[in-house]
Amino acid sequence: MNEQQKSSSEMPKQPKSYWRDSVKFQQFNSLSEDIEVDVAIVGAGITGITTGYLLSKEGLKVAIIEAGSILDGATGYTTAKLTAQHGVVYDEFIQHFGIEKTRQYYESNMEAIRFVKDTIQEYNIDCDFSEEDAIVYATSENSLNNIQKEFKAYEKLGIERDFLHEIPFNIDVKGALVMKDQAQFHPLKFLQPLLQAYLQNGGLLYEKTTATNVEEGTVSKVVTLKGHKVSCKYVLSCSRFPFYDSKGHYYARLKPERSYLIGITTDTPYPGGMYINDDSPTRSLRYTTYNGEKLILVGGDRHKVGHGINTMKHYEALQQFAEDVLGIKEFKYRWSTQDLTTLDKIPYIGNITSNDPYVLVATGYRKWGMSNSIAGSLLLRDIIMKRDNPAREVYDPGRFNIDPDVKSFAKYNTDVATHLVQGKVQAPNKFDASDLPNGEATVLTVNGERSGAYRDENGQLHVVDTTCTHMGCEVEWNNAERSWDCPCHGSRFNYKGDVVDGPAEKPLKTFDTSDIENK
Ligand code: FES
């Protein structure tokens, strides 16, 4: 291998999403006054923008407010598979919810795919859309058993399917289950014309505007961090984590996980198809068009937020897998994302609680946010327009058909309590500032408090209080993304302490570093 080949197959130094890197969006001002609309949407990801588009088409006056930048949350960092094959779930769903509700879940996701296809035609959108089969494969006897049961579930639901004994990669599989005629696309290219149509329909959009509360009444008011108010009839929480809880206890019934993606080119042609395994660790494959070539997206290695001890190891594991299975020509991108899973694996979409007729939520897509988000947008529109939607009961956040697996959530919430207590009593490292190299972080004690220090690439020290501003758990350093991550409900903060991911709304407390440097 010559030097040039060697350097191009090395992992990129900084994480960067291909989707975000290949599309530029205009910037929007933050909200600087009180306004009145019919519907206020919080969160400018795929759910917020699609729902805004749909409601503006109905003639409603809509404002979308976003704490950061548009499409810079989960949507900008997805694998962008557009499929109703959400791993192996249908056999389990039939057991827990019955065949009718399971069919409605499947149908609502297929309806989402049809909506994308129709919208592409309507606006003539070039978003690298292609129809592909979705394939879940087994490499162990246990997962083979799972996909055999799933095959039968497909039969009961009338899903078009196939069973394979091998797949076109260097992977020793026991079997693979195909869901036919699914799709993949570039989500940001798809959403660009929808956003333009939304703005042309009179839709408003504000970035860098953090919603913190809702004052409910005959007219609801979304209150922002800067104290401005958006008066409206309906409030829709379309941020990854609900910005408003309304005694729905969402923090206790959503489990946050991180997962990783790398983008590579290969010498051998990619055979097509969207693959995922049913074993652990998760491995996912798909391609997208890229400068006349194929960029292969290899994903997986999920873990609870704040529990990935050396997060770079997750990228390295994907790199090794890609090298073994495909061979890497050039290593172009790496990025990570965060997703929420609900108690029973079905998203919460609908009234935030049964006492809130005018506050709706869409969250908990369990890594299948492309079809679930669009299914969610169609459902939110139908609820507001008072139209029947057969999936309404399936996604109702108040359903509480609790899965037997809820025990694992009880354990998860016990974990939260443990972090609340243990984090405080852990003895931080004895710290000598001069020992901390550029680009690294450590935990230390400042004024008797557990704190976190990071020295940036220019040698400047940044010190934060590691107590999460949501509910007081202790954040942990994530070296791959250079962020402080909370193991309890998934809030993340950059090394300066600013919020990257909620539910936290306020930044971490920071310390003057001159005293620490001079100790
Ligand atoms: Fe809830 Fe940190 S305590 S996210």
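The values are calculated or read from the model by the stated rules, or taken from the named source; none is laboratory data. Note that the structure is predicted; figures quoted are calculated from it, not measured. Quick reminder, even Gly has a Cβ in these numbers, built from the backbone with ideal geometry, and neighbours come from all protein chains shown. Note: areas computed on protein heavy atoms with side chains; ligands, DNA, RNA excluded. Shrake-Rupley method; radii C 1.70, N 1.55, O 1.52, S 1.80 Å.
Starting from 0.36 nm per residue, how many nanometres of slack lie between Ser22 and Val325 once their C-alpha separation is accounted for? Could the numbers behind the result be given before it?
Working: separation 303, 0.36 × 303 = 109.08 nm, distance 2.64 nm.
Between Ser22 and Val325, full extension yields an extra 106.4 nm.
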**Asked** Hey, can you rank 228-236, 73-81 by average C-beta count inside 10 Å, highest first?
**Response** 73-81, 228-236
**Unpaired by the 4.7 Å Cβ criterion, cysteines found in the chain** = Cys127, Cys232, Cys238
**Prompt:** In whole Å, how far is the Cα centre of the range 198-216 from that of the range 121-164?
**Reply:** 37
**Fill in**
Short to long, in 5 Å steps from zero, the percent of alpha-carbon pairs of the range 61-191 per bin is 2, 9, 16, 17, 17, 15, 12, 7, 3, 1, 0
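From Cα pairs below 8 angstrom and at least 6 apart in sequence, can you work out the relative contact order of the range 185-261, rounded to a whole percent? List each step's numbers first, then the result.
Values: 51 pairs, mean separation 13.1, N = 77.
Computed value for the range 185-261: 17 percent relative contact order.
Among residues other than Phe151 whose Cβ falls under 15 Å from its Cβ, what is the net charge (Lys/Arg +1, Asp/Glu -1)? Provide the component values of the computation, followed by the final result.
Details: positive: Lys149, Lys152, Lys156, Arg161, Lys174, Lys180; negative: Asp91, Glu92, Asp133, Glu150, Glu155, Glu160, Asp162, Asp278.
Every neighbour counted, the sum reads -2.
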**Request:** Go ahead and collect, in residue order, the members of the range 175-217 whose backbone nitrogen is under 13 Å from a label point 7 Å along the Cα-Cβ direction of Lys233.
**Result:** none
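Give me the extension gain from Asn355 to Arg114: residue separation times 0.36 nm, minus the current Cα-Cα distance, reported in nm with one decimal. Working shown, then result.
Numbers: separation 241, 0.36 × 241 = 86.76 nm, distance 3.33 nm.
Result: 83.4 nm gained on full extension.
Listed here are the pairs Lys61/Lys81; Lys61/Lys208; Lys226/Lys247; Lys13/Lys226; Lys304/Lys386; which of them are more than 27 Å apart at the Cα?
Details: Lys61/Lys81 31 Å; Lys61/Lys208 21 Å; Lys226/Lys247 24 Å; Lys13/Lys226 36 Å; Lys304/Lys386 38 Å.
As for pairs spanning more than 27 Å Cα to Cα, those are Lys61/Lys81; Lys13/Lys226; Lys304/Lys386.
Where does the chain land at 222 nm, in deg cm²/dmol rounded to the nearest 500, when only DSSP H runs of n ≥ 4 count, each adding -39500 (n - 2.57), divided by all residues? Write out the running numbers ahead of the final one.
On the way: 12 runs with 147 residues, N = 519.
Mean residue ellipticity at 222 nm (helix-derived): -9000 deg cm²/dmol.
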**Item:** Exposed-site-free run, longest, the chain (rule: GluC sites (Glu not before Pro); DSSP loop; at most 12 other C-beta within 10 Å)
**Value:** 167-456
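Please report, as a whole percent, how much of the solvent-accessible surface of the range 48-138 comes from carbon and sulfur atoms (probe radius 1.4 Å). Don't skip to the end; give the middle numbers.
On the way: 1310 of 3090 Å².
Result for the range 48-138: 43 percent of the exposed heavy-atom area is carbon or sulfur.
Kirkwood hydrodynamic radius, computed over distinct alpha-carbon pairs, for the range 428-505: how many Å, to one decimal?
12.5
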**Item:** Spatially proximal lysines relative to Lys174 (Cα-Cα < 19 Å; intrachain offsets below 8 disregarded)
**Value:** Lys149, Lys152
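Quick check: net charge around Gly175, other residues with Cβ under 14 Å of its Cβ, Lys/Arg +1 and Asp/Glu -1? Write down the numbers at each step before the final one.
Details: positive: Lys149, Lys152, Arg161, Lys174; negative: Glu141, Glu150, Asp162, Glu166, Asp172, Asp278, Asp279.
Taking every Cβ under 14 Å from that of Gly175, the sum is -3.
Give me the accessible area per residue for the range 240-398, probe 1.4 Å, as a whole number in Å². Intermediate results must be reported in sequence, preceding the final value.
Details: 5520 Å² over 159 residues.
With all protein chains present, the range 240-398 gives 35 Å² per residue.
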**Request:** Mind grabbing the base-10 log of I(q)/I(0) for the chain at q = 0.06, 0.11, 0.13 Å⁻¹? Debye formula, identical points on the C-alpha positions, no solvent, two decimal places.
**Result:** -0.28, -1.00, -1.39
**Message:** At 18 angstrom or more along the helix axis (alpha-carbon based) and mean Kyte-Doolittle of -0.5 or higher, what helices does the chain contain? Whole DSSP H runs only.
**Reply:** 187-200, 369-384, 406-425
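Report the semi-axes of the equivalent ellipsoid for the range 255-405 in whole Å, largest first, where each axis is √(5λ) for an eigenvalue λ of the Cα gyration tensor.
Numbers: eigenvalues 256, 68, 30 Å².
Listed largest to smallest, the semi-axes of the range 255-405 are 36, 19, 12 Å.
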**Asked** Over the range 153-309, with a single point scatterer placed on each C-alpha, what log10 of the ratio I(q)/I(0) does the Debye formula yield at q = 0.12, 0.20 1/Å?
**Response** -0.89, -1.30
**Request:** Compute the signed sum of charges (Lys and Arg +1, Asp and Glu -1) over the other residues within less than 13 Å, Cβ to Cβ, of Asn201.
**Result:** 0
**Request:** Work out, step by step, the length gained on full extension between Met385 and Lys208: first 0.36 nm times the residue separation, then minus their alpha carbon distance; give nm to one decimal.
**Result:** 60.8 nm
**Complete:** Computed over the range 276-321, the relative contact order (Cα-Cα under 8 Å, seq sep at least six) in percent reads 29
**Message:** Could you derive backbone 3J(HN,Hα) for the range 204-219 from the dihedral phi with the Karplus parameters 6.51, -1.76 and 1.60 (θ = phi - 60°), listing whole Hz in sequence and x where the residue is Gly or Pro?
**Reply:** 9, 9, 10, 9, 6, 10, 8, 7, 10, 7, 10, 9, 8, x, 4, 10
**Message:** Tell me the per residue accessible area of the range 441-519 using a 1.4 Å probe; a whole number in Å² is fine.
**Reply:** 41
**Request:** Could you tell me what percent of the accessible area of the range 184-241 is made up of carbon and sulfur, with a 1.4 Å probe and every protein chain present?
**Result:** 49
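Leaving out ligands and nucleic acids, note down the accessible area per residue over the range 111-218 with a 1.4 angstrom probe, in whole Å².
Heavy-atom SASA per residue in the range 111-218 reads 47 Å².
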**Request:** Can you tell me the FRET efficiency between Lys180 and His303 if r is taken as the Cβ-Cβ distance and R0 is 35 Å, rounded to the nearest 0.05?
**Result:** 0.65
